[in-house]
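What follows draws every value from the coordinates through simple rules; no lab data is involved. Small disclaimer: the values here were computed from a predicted structure and weren't measured. When we count neighbours, we look across all protein chains shown, and the Cβ atoms used for this are built from the backbone with ideal geometry, even at glycine.
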Amino acid sequence: MVGPFPVRRDIGGERRDGRARPTGIRGRLPPLPPEIASHVAAVVLFGKPSDHFMRQVGAPPITLGPLYTPKTAEYCVPGDTVCDGSPFPGQPNPLHVLYSFNGMTLAAADFAANRL
């Protein structure tokens, strides 16, 4: 979405189906070039897999670059075994699919809109 628009700022998104996709299977994606960071207004993460979860599935932790960390909000439903760091029982529990129903998407939209 970044192109020849010097004042354009974007909010992008990706919907996942709740299944873990360890980065080791396809390899790590390269970091975004630093010049793109000025075009990113906000980063919102719902149910980001915890380092503990990633170790349990044999994958490296998910990290954000320093240019994106101050623009990031993370949302984790208490008790969501993917993101809260608790032992992972082999399948995500039902709490991992509540983000579109529990008001966190509204909070995330406010977070992102306030950074445009």
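So the label point goes 7 Å from the Cα of Leu32 along Cα→C-beta, right? Which residues of segment 70-110 then have their backbone N under 18 Å from it?
Taking a point 7 Å out along Cα→Cβ of Leu32, the residues of segment 70-110 whose backbone N falls under 18 Å are 70-75, 108-110.
In 10 Å bins starting at zero, report the fraction of Cα pairs in segment 43-90 per bin as a rounded %.
27, 50, 22, 1
Per 10 Å bin, what percent of the C-alpha pairs of segment 37-116 does each bin hold, from zero upward?
Using 10 Å bins, I get a P(r) of 18, 43, 32, 7 for segment 37-116.
Measuring from a point 7 Å past the Cα of Asn102 along Cα-to-C-beta, which residues in segment 46-69 have an amide N at less than 20 Å?
Answer for segment 46-69: 46-54.
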